[in-house]
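The values are calculated or read from the model by the stated rules, or taken from the named source; none is laboratory data. The structure displayed is predicted, hence computed values, not measured ones. Glycine also receives a Cβ, built like all others from the backbone with ideal geometry; neighbour counts cover every protein chain displayed.
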Amino acid sequence: MVHAELVEDATTSPDRREADDALPGDPAILRQLRSRSRRALRLAVGLMVFGSMTAGSAFVWWTEIGRVWRGESRVDGTPLYEPGAEVPDAARTIDWRRVHATLIPRWLIARGQAHGTTSAHGIAGFDEAARSHRAFTELRFAVRADPNLVSLVDELELRARDARNEAERIDYLLWAWNDYLDRHDVPWRLEANLHLRRDGTAAFVTRSYEVLGDLRDDAGRRLRLLRRADLTNVDEGFLGHTPGRDEGALVILDETLRFAVRHVWPMLNPGLDDYLPTEQRAVAGPVRARLRMATEDRARLRETAVDQLALVEVANSIHARAECGSRFRVWGLPWNGLAPPDQNALIAALDRSRGRECPEVTLGEAARMIGASERLGQTPALADAVESLGTWVARAVAIHELRHVADGGSQVECAGCPASMAPETRAELSAYLASFSVDEVAHVAALQACAMQPENHEGSQEPHALALAFALPRLLPAGCDGVIPEDLPERAQHLERALFGEREQVRLPEAFPERIPLLPH
């Protein structure tokens, strides 16, 4: 409790210093009085509720009352952030890209390195600790124009020292950061993961995003289209998600682009159908029939599909030799093939492979990959076409996530679902059926589902896997390896009505773009 009071004092100190010499009626005093009155009212209501609680829930409610008093929560439990100062012009003076793409990741990486080099006495090496301090100081200096952001990063640095026990507080601070930026129309966002270390401690790592689209559907539900900004190796593992807390739906465009390049692009040339993996072959025809794209972009992708398929096939062939001991990998294969330095690395691997029973790369593989890379790199306006494809694939993900928003998270009612089905599984089932029910994106949504079907997650109890294990056998008579029926949308609509009853169908915002610039041109 003392620690929390100290944090609050630091957060509100700029206004308090201003109020010392303020005259009656000064805006700084009025802001404080209004803030304290709101807190007192919320606290009074909270205490009334607290008085009716049982002993078993008293501690939880006492914690909630503390948050209400600090101005960090409403009485209904939803989070709240009340800035300690008003700085309307700060957003114009801060380099948001540098803060999110460089400074925050650099600080957290430096913190992790300092922890990883601790001595037997638990003291970090001097160089690593100094590097961590410099990185934090640089971040703090970059946001100095806004004392509210300074207070947030100061407390994040404090809480990060014990991230495992402070995970809930860190979660709130990051939410407050996003909420504050959102209120000031700053199109950036932070998300975080907690990584457990072998010694039992934990560190939090962030992912930074630029908001490239902020849309509303006809019902007012919010949809944001994000592009990853940091260059760290912290993976998403999802195409989109719904954070809750009335934050709407999020679609990760980098991930939809990656999926489009690897799984959809090769199927755009009908002559390649026999060479596609089974789940892609099963939906290739319906996907081509429903693809919405400019004629010239579609032609470029059809002509280059053979080269993109070659890249995927060679990478898979190289990785398959891990079974015989090869450690060579082709990670993060670019959409336009290998750059010259990476081609040189491939040739070096070919030289090392001479005479080996388990080569890192064969001559045929190197020739196919380099040839495909050179042709893709020389195709004019190819980036535009790839961006259009990635944006189209994002439509299926957007429908899925907007259904989550419409359902209110895991609170969706499903009268036709088995009584044993968990709420989280019902929510995933609802979202999958929504995307399967929209004719334009039904088959590419099915491709996404089949790419992560339960057979690929044997024994998984994850909600998405359990939802697909329930839905796919009822929609795909021949399974993911067979032909996916043309009437998939009608089948999904029928199953959706049988399970969830008649309900409003989610639709994409009318302003959903045809192409979002994502790639260097």
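Here GLY332 fulfils each of the conditions (1) over 23 Å from the mean Cα position of the chain (by Cα); (2) in the same structural domain as VAL287 (by TED's automatic domain parsing); (3) exposed (fewer than 15 other Cβ atoms within 10 Å of the Cβ) apart from (1). Take ALA124 and decide whether it is at pLDDT below 95, surrounded by 15 or more Cβ atoms within 10 Å (Cβ to Cβ) and more than 18 Å from ARG98 (Cα to Cα). Yes; evaluated as a whole, the condition is true for this residue.
Among the residues of region 467-504, which ones are in a loop (DSSP other than H, G, I, E, B) and either more than 30 Å from the chain's Cα centre (by Cα) or farther than 19 Å from GLN448 by Cβ (or both)? Can you show your working first?
First, the residues of region 467-504 that are in a loop (DSSP other than H, G, I, E, B): 476-487, 501-504.
Hits for region 467-504 are PRO477, ALA478, GLY482, VAL483, PRO485, GLU486, ASP487, GLY501, GLU502, ARG503, GLU504.
So which of VAL261, VAL234 ends up being at pLDDT 95 or above and under 30 Å from VAL99 (Cβ atoms)? VAL261 is the lone residue from the list that is at pLDDT 95 or above and under 30 Å from VAL99 (Cβ atoms). Being under 25 Å from LEU250 (Cα atoms), of a type in the set (Gly, Ala, Ser) and without any contact (Cβ under 8 Å) to a residue 24 or more places away in the chain is the filter here, so list the residues in region 464-521 that pass it. ALA465, ALA469, listed by residue number.
Of the residues that make up region 234-243, is at least one over 26 Å from GLY482 (Cβ atoms) and among the charged types (D, E, K, R)? Yes, the conditions are met somewhere in region 234-243.
Working carefully through the options GLU496, GLU490, find the one that is farther than 30 Å from GLY337 by Cα, surrounded by fewer than 18 Cβ atoms within 10 Å (Cβ to Cβ) and assigned by TED's automatic domain parsing to the domain that holds VAL444. Spell out how you get there, then give the answer.
Working: GLU496 fails: surrounded by fewer than 18 Cβ atoms within 10 Å (Cβ to Cβ).
It is GLU490.
Does LEU212 fit the bill of being surrounded by 20 or more Cβ atoms within 10 Å (Cβ to Cβ) and not polar (S, T, N, Q)? No. The residues of region 224-252 that are over 13 Å from the mean Cα position of the chain (by Cα) and either in the same structural domain as TRP392 (by TED's automatic domain parsing) or among the aliphatic types (A, V, I, L, M) (or both) amount to a single one, LEU231.
Conditions tested, residue by residue: (1) touching a residue at least 12 places away in the same chain (Cβ under 8 Å); (2) in contact with a helix residue (DSSP H, G or I) (Cβ under 8 Å, 6 or more places away or on another chain); (3) farther than 25 Å from ALA385 by Cα; (4) of a type outside the set (Phe, Trp, Tyr).
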position	(1), (2), (3), (4)
LEU223	yes, yes, no, yes
THR232	yes, yes, yes, yes
ASP246	yes, no, yes, yes
ARG262	yes, yes, no, yes
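Here the condition is being within 30 Å of PRO334 (Cβ to Cβ) and of a type in the set (A, V, I, L, M); of ALA449, ALA431, ALA427, ALA498, it holds for ALA449 alone.
Could you say whether any residue in region 325-339 is of a type outside the set (Phe, Trp, Tyr) and outside any loop (DSSP other than H, G, I, E, B)? Explain how you work it out, then say what you get.
We begin by selecting, within region 325-339, every residue of a type outside the set (Phe, Trp, Tyr); these are 325-327, 329-330, 332-334, 336-339.
Adding the requirement that they be outside any loop (DSSP other than H, G, I, E, B) leaves none.
Looking for residues that are of a type outside the set (Phe, Trp, Tyr) and outside any loop (DSSP other than H, G, I, E, B), one finds none in region 325-339, hence no.
When region 153-168 is filtered for residues that are in a helix (DSSP H, G or I) and closer than 22 Å to ALA135 by Cα, the ones remaining, listed by number, are VAL153, ASP154, GLU155, LEU156, GLU157, LEU158, ARG159, ALA160, ARG161, ASP162, ALA167. Residue count for region 378-419, restricted to those that are among the small types (Gly, Ala, Ser), touching a residue at least 40 places away in the same chain (Cβ under 8 Å) and part of a loop (DSSP other than H, G, I, E, B): 3.
Which of the following residues is hydroxyl-bearing (Ser, Thr, Tyr) and over 22 Å from PRO83 (Cβ atoms): THR137, THR206? Give the derivation first.
Numbers: THR206 fails: over 22 Å from PRO83 (Cβ atoms).
It is THR137.
Checked against (1) at pLDDT below 95; (2) surrounded by fewer than 24 Cβ atoms within 10 Å (Cβ to Cβ); (3) closer than 30 Å to ARG298 by Cα; (4) over 20 Å from the mean Cα position of the chain (by Cα), MET452 passes all but condition (4). Of all the criteria given as (1) surrounded by 15 or more Cβ atoms within 10 Å (Cβ to Cβ); (2) over 16 Å from TRP392 (Cα atoms), the one not satisfied by GLY271 is (1).
Within region 253-275, is even one residue basic (Lys, Arg) and over 25 Å from the mean Cα position of the chain (by Cα)?
In the first step, residues of region 253-275 are kept if they are basic (Lys, Arg); the result is 258, 262.
Filter once more, so that each one left must be over 25 Å from the mean Cα position of the chain (by Cα): none.
Looking through region 253-275, none of the residues is basic (Lys, Arg) and over 25 Å from the mean Cα position of the chain (by Cα).
Answer yes if at least one residue in region 315-322 is surrounded by fewer than 19 Cβ atoms within 10 Å (Cβ to Cβ), outside any helix (DSSP H, G or I) and modelled with pLDDT under 95, and no otherwise. So far as region 315-322 goes, no, none of its residues is surrounded by fewer than 19 Cβ atoms within 10 Å (Cβ to Cβ), outside any helix (DSSP H, G or I) and modelled with pLDDT under 95.
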